[in-house]
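Laboratory data are not the source of any read-out in this text; all were calculated from the coordinates shown. Keep in mind that what you see is a predicted model, and the values were worked out from it rather than measured. Glycine gets a Cβ as well: all are built from the backbone with ideal geometry, and neighbour counts include every protein chain shown.
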Amino acid sequence: MNAAIAVPPPDARVRYLLRLADTSLVLGQRLGEWIGHAPAIEEDLGLANTALDLMGLARLLLAYAGELEGRGRDEDALAFLREEPEYLNATLAEQPNGDFGDTIVRQYLLDAYRLELLERLAGSADGRLAAIAAKAAKEARYHVRYSGGWLVRLGDGTAESHARVQGSLERLWPLTRELFDADEIDRAMAEAGIAPDLGEVATAWSRRVDATLREATLARPKDTPYLWYGKQGRHSEHLGYLLADLQYLQRAHPGASW
């Protein structure tokens, strides 16, 4: 006789979906800040297209979270009308763009994570989440090729580009710890077969990242603890400023449509 699969409470499922959605939403907003400012027109378009993919994924996940929540909040309300502690994005996603190398390091670390996660979520016991993940994984494969290609070009480029990107890696690396540090929600989702075990995702991510770092002639930083866990609502000082831009129009003109 098969053991019964644990069914997580609805609130845990909603919060898990919001973690996925908010990370995509916030990272997409950050990339959108590059439009018109990227080093070349090709990168302007590349970053803009990635931002659009992330926003599209966020919309699908927010719509699903709103339905499960049952409080009448649609994807717009969840995107634009929550307060800062209610956002559950990974802290890495909210970090400022900095220079192009900073953005590429942040993007690659998150792209590699999202690809490994989405490929496993495509087999989720939650059919709707599985379908969303399967579609998004196709886009994520392109994203990781794009950011990984740039990481190699910068890391294995000039002495200055190498040094600057290594510095970016050292600054941002501690924030990756949050991605794989499972809490009660992550464990409940894994036990229910809705989400993969984060230890498995971490192993695959490390394998992928290490291969890229070797090609880029970059050194993997040491793992260090970091206490701002955005997926639990504990954010860095940067998210509030980002939300001020993201939410301005909706709050200035409540209920407006276009």
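Checked against (1) touching a helix residue (DSSP H, G or I) at 6+ places or on another chain (Cβ under 7 Å); (2) surrounded by 15 or more Cβ atoms within 10 Å (Cβ to Cβ); (3) among the small types (Gly, Ala, Ser), residue 123 meets all criteria but (2).
Counting only helices (runs of 4 or more DSSP H) that fall entirely inside the stretch 140-198 and contain at least 2 residues that are of a type in the set (Asp, Glu) and under 30 Å from residue 130 (Cα atoms), the qualifying elements are 184-191.
Inspect all residues belonging to the stretch 218-226 and state whether any of them is touching a Gly at 6+ places or on another chain (Cβ under 7 Å) and farther than 26 Å from residue 88 by Cβ. Within the stretch 218-226, one or more residues are touching a Gly at 6+ places or on another chain (Cβ under 7 Å) and farther than 26 Å from residue 88 by Cβ. Within the stretch 29-46, being touching a residue at least 24 places away in the same chain (Cβ under 8 Å) and not polar (S, T, N, Q) holds for 30, 31, 33, 34, 38, 39, 43, 46. Restricting attention to the stretch 95-118 and to residues that are over 14 Å from the mean Cα position of the chain (by Cα) and charged (D, E, K, R), the residue that is surrounded by the most Cβ atoms within 10 Å (Cβ to Cβ) turns out to be 102.
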